[in-house]
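Contents: one structure, followed by commentary.
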Amino acid sequence: MRKYTYKITRIVLLIATFSLAACTAEDVTDDEDNQVITDPDPVAQSDEDTGPIVDCTNVGTNPTRETDIPNPRNIGTIDDRSCYANYTESSILGKFWGIYNITDGSNHIDAPNTLQPRIERSLSRSQATGAGSYARFRGVLRILEVGDTGTFSSSGSYFMQAKGKHTGGGGSPDPAICLYRAHPVYGIDDQGNQVQESFDIYREQINFRGGSGDTGRTVVFLKNVAKNEEVNIELEVGFRQDPNNPSQTIHYADAKIGGDEFNWNIPEPERGTESGIRYGAYRVKGGRAQFRWANTSYTKDEVN
């Protein structure tokens, strides 16, 4: 009887030990799985330039405006008028990004104190004015930094613009129709520093053909986007039939920014002769501007 009781006791102990080991092993596996899912120290990806802000660098001083990398992923013909940095590309966040960095005073191509620095890409223009003619650009934009002088009128940097010539003269020989510019909104970072944490987007639109300056253009607020936020962008510039007068057309510049539509009819449509688009980085009257573009595409149609 004593031997029989002893054997039962051993069996119970063995079962309990096996169950405890199994539970312990399962707990360890769960902990390991949780560590894989929630990395306690994730590595943040960034292509932001945090170095000193200077006018020119040896690397960035390109001899001609057409300086580009072989087979760029961003579409369009480059116009590089900045000696701070040349166009490059980065591969982060699951996309290939075109890098556009410019600084105040870095235009080494044009005469001093005349035109603003830029690294832009131009797209072939729709040169027909019939209803249904258009130029359409799409891309994904991240804004990291924009120019700031402390005064609204001279602050902000352009990331995209509608272009188009017109009849009857007036203004630049290659005038801008409207420009989309980002202004800095500041906050405090973890170290107590004042930093650009988001950007107010404005459309700077002409009041009349060839308009420029305070009397020739109006600045209209559109929306705010966060720093480094991936923003889907679309800009379509073209001619459509006027619903109030079928014999006439409307010249329009319709934008979608982060899913929100911002449509605008261009003044004096009868004078317009073409529809064009440029994008990249343009204008910085103080500090530095940094824009990133990915997944760019372009289509156009021309109806006489």
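The values are calculated or read from the model by the stated rules, or taken from the named source; none is laboratory data. Remember, it's a predicted structure, so these values are computed and weren't measured experimentally. FYI the Cβ positions are ideal-geometry reconstructions off the backbone, even for glycines, and counts take in every protein chain you see. Surface areas here come from the heavy atoms of the whole protein model, side chains and all, with no ligands, DNA or RNA. Shrake-Rupley method; radii C 1.70, N 1.55, O 1.52, S 1.80 Å.
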- prompt: Nearest 0.05, what FRET efficiency do I92 and N245 give at R0 = 45 Å with Cβ-Cβ as r?
  reply: 0.35
task: Pick out which of G272, G168, G238 has the largest mean-square fluctuation in a Gaussian network model of the chain, springs linking Cα atoms closer than 10 Å.
output: G168
- prompt: Which whole-number value in Å² is the accessible area per residue of the chain, probe 1.4 Å?
  reply: 53
message: Leaving ligands and nucleic acids out of the surface, order S133, S122, S153 by accessible area at 1.4 Å, largest first.
response: S153, S122, S133
query: Cα axis of helix 2-37 to longest principal axis of the chain: angle in degrees, 0 to 90, nearest 10?
result: 10
message: Here are a few candidate values for Kirkwood radius over Cα pairs in Å: [x] 22.2; [y] 20.4; [z] 19.8. Which one was actually calculated from the structure I just gave you?
response: [x]
- request: Using amide H atoms built 1.01 Å from N in the peptide plane, name the residues 5+ places from Y84, or on other chains, whose amide H lies under 5 Å from its own.
  value: T57, T103
- request: Measure off 7 Å from each Cα along the Cα-to-Cβ vector at S154 and V220, then give the distance between these two points in nanometres to one decimal.
  value: 2.8
statement: Checked against a 20 Å limit on the C-alpha separation, the offending pairs among K227/K256; K223/K256; K95/K227; K227/K300; K163/K256; K163/K285 are K227/K300; K163/K285
query: In whole percent, how big is the carbon plus sulfur part of the accessible area of the chain, probe 1.4 Å, protein atoms only?
result: 51
- prompt: Which value, in debye to the nearest 20, gives the size of the charge dipole of region 211-304 about its Cα centre, when Lys and Arg are +1 and Asp and Glu are -1 at the Cβ?
  reply: 640
- prompt: In region 203-304, which trypsin sites (Lys or Arg not before Pro) are in a loop and have at most 13 other Cβ atoms within 10 Å, using DSSP for the loop call?
  reply: none
- line: The size of the Cβ-based charge dipole (Lys, Arg +1; Asp, Glu -1) of the chain about the Cα centre, to the nearest 20 debye, is 500
